[in-house]
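The values are calculated or read from the model by the stated rules, or taken from the named source; none is laboratory data. Predicted, not measured: the structure shown is a model, and the values here were computed from it. Every residue, glycine as well, gets a Cβ built from its backbone with ideal geometry; the counts of neighbours run over all protein chains shown. Keep in mind that these areas ignore ligands, DNA and RNA; they rest on the heavy atoms of the full protein, side chains included. Shrake-Rupley method; radii C 1.70, N 1.55, O 1.52, S 1.80 Å.
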Amino acid sequence: MTAETKKPFKRISQETIQEVLDVSILDISEQLGHSPRRSGKQYAIFCPSPNHGSERTPDTYIEPYKNIFKCFGGGGCGCGGNSSIAYYSWTENGEYDPKKHFLSSVKGVAALMGISLKYTDGSSEKATIAPVKRTKVYKPKETEPRDDGECDRLYRSFLSLCPIRAHHYEEWKSRGYSNEEIKLFGLRSVPNKEELQDILQSLHQQGFDLKHIPGFSQRASKSAEGLVWEWSINATDGYFIPVRNEIGQWYRMRIRRDAGKPKYIWFSSYDNSDDTSCEVYLLRRYGASSGAPLNITVPTNVVQNWHVGDSIQDYFSTDTVISTEGEHKSQLSANILQTLVDGVPGVGNV
Ligand SMILES: [Zn+2]
């Protein structure tokens, strides 16, 4: 019997895969000629999927900070992901199935970025173009939010100082909320810059510490003496919807935006103050991520009698938990069904 000599299977090295993974979505989008346009913290492009069909406005968003992209055109076609590899595959194949598209996409990104392919057997394939200059993929450090009770006290004081704009009030009314419910649920408009300055001053005078409360962080600006840090919030328009935990504390907040997609986002912030390569306008410190928690939604008559700190089980017993999308829908369905509803956050958190 003769031993068969098996040719070793040639694989792309982990080193090359990592190099390709380190390519930002923004960079590969530019290399693919999609001309991403900056709007605020995001970049807008037309959907990269060839299956999407024609669009009048660019409705796919790249968030460079989180290195994610998602199509919202016509409600979204499913195109989205969190790597340059996925982005490339959506562009080439109109989908991304790692089993089918990973290898060809790694090679595609490498070719466009001038990355040479190294193989596990020691061989390599030199890139045909010079390495393309890359922007860094930012990775903010994970900061734990303060405890729920501290978030609750701060959010309640903060919201009590926030305005109620006429168009928001009309919207809440048209959704069927009474004045009492608007107050009870803590709905408030996002303050503008001038209003925010007064609110922040008032919170400081009341002795509140804003560090590591999701949504709050300090922003940097350049001055002759170096960086200047100022407190700010990670919201520009729309209104706040407090999110309750199981003991009734307002421990997180959602924002219903006036414009832009998605409509509902988390009130969240980050800390990347140790990132020396970050552009100044993106620098933040003392922020904290909201995560993506569940919202405990119960009928209005239960909220009215629900003392903060008491478990919802003391007021309301049910085995049924219904999942709905979006904060209003869950509140309204709770009132109709008189059932505890776990509000599952709506589309994405881009
Ligand atoms: Zn699309």
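Is it true that some residue in segment 109-116 is under 26 Å from Gln18 (Cβ atoms), of a type in the set (S, T, N, Q) and either open to solvent by less than 50 Å² (accessible area, probe 1.4 Å) or within 16 Å of the ligand (Cβ to nearest atom) (or both)? Yes: segment 109-116 contains one or more residues that are under 26 Å from Gln18 (Cβ atoms), of a type in the set (S, T, N, Q) and either open to solvent by less than 50 Å² (accessible area, probe 1.4 Å) or within 16 Å of the ligand (Cβ to nearest atom) (or both). When segment 56-97 is filtered for residues that are more than 14 Å from the chain's Cα centre (by Cα) and of a type in the set (Ser, Thr, Tyr), the ones remaining, listed by number, are Thr57, Thr60, Ser83, Ser84, Tyr87, Tyr88, Ser89, Thr91, Tyr96. The set of residues from segment 210-247 being of a type in the set (Phe, Trp, Tyr), in contact (Cβ under 8 Å) with a residue 40 or more places away in the chain and open to solvent by 30 Å² or more (accessible area, probe 1.4 Å) comprises just one member, Trp229. Could you please find all residues in segment 9-50 being within 20 Å of Ser83 (Cβ to Cβ) and among the polar types (S, T, N, Q)? Listed by number, the residues that qualify are Ser13, Gln14, Thr16, Gln18, Ser24, Ser29, Gln31, Gln42, Ser49. Exactly one residue out of Gly186, Gly176, Gly108 is of a type in the set (Gly, Ala, Ser) and at pLDDT 95 or above: that is Gly108.
Restricting attention to segment 88-101, the residues that are crowded, with 23+ Cβ neighbours inside 10 Å and within 12 Å of the ligand (Cβ to nearest atom) total 1. Based on this model, can you work out whether Asp22 counts as away from the ligand (no atom under 16 Å from the Cβ), touching a residue at least 40 places away in the same chain (Cβ under 8 Å), open to solvent by 20 Å² or more (accessible area, probe 1.4 Å) and out of contact with any Asp or Glu (no Cβ under 8 Å at 6 or more places or on another chain)? It is true that Asp22 is away from the ligand (no atom under 16 Å from the Cβ), touching a residue at least 40 places away in the same chain (Cβ under 8 Å), open to solvent by 20 Å² or more (accessible area, probe 1.4 Å) and out of contact with any Asp or Glu (no Cβ under 8 Å at 6 or more places or on another chain). Pairing each residue of segment 48-63 that is within 21 Å of Ser24 (Cβ to Cβ) and more than 8 Å from the ligand (Cβ to nearest atom) with any residue that is among the small types (Gly, Ala, Ser) and open to solvent by less than 20 Å² (accessible area, probe 1.4 Å), provided the two are 6+ apart or on different chains, yields C-beta distances under 7 Å for Pro58/Ala44; Tyr61/Ala44; Ile62/Ser29. When you look at Gly122, is it at positive phi and crowded, with 17+ Cβ neighbours inside 10 Å, yes or no? Spelling it out, it is not the case that Gly122 is at positive phi and crowded, with 17+ Cβ neighbours inside 10 Å. Answer yes or no: is there a residue in segment 268-279 that is assigned to a strand (DSSP E or B) and either over 18 Å from Gln42 (Cβ atoms) or of a type outside the set (Lys, Arg) (or both). Scanning segment 268-279, I find at least one residue that is assigned to a strand (DSSP E or B) and either over 18 Å from Gln42 (Cβ atoms) or of a type outside the set (Lys, Arg) (or both), so the answer is yes.
From the list Asn82, Asn67, the lone residue that is away from the ligand (no atom under 15 Å from the Cβ) and buried (at least 17 other Cβ atoms within 10 Å of the Cβ) is Asn67. Of the numbered conditions (1) in a strand (DSSP E or B); (2) touching a Cys at 6+ places or on another chain (Cβ under 6 Å); (3) not charged (D, E, K, R), Pro242 fails exactly one; give the number of that condition. Tallying (1) in a strand (DSSP E or B); (2) touching a Cys at 6+ places or on another chain (Cβ under 6 Å); (3) not charged (D, E, K, R), Pro242 fails exactly one: (2). Note on segment 248-276: residues that are of a type in the set (Lys, Arg) and open to solvent by 40 Å² or more (accessible area, probe 1.4 Å) amount to 3.
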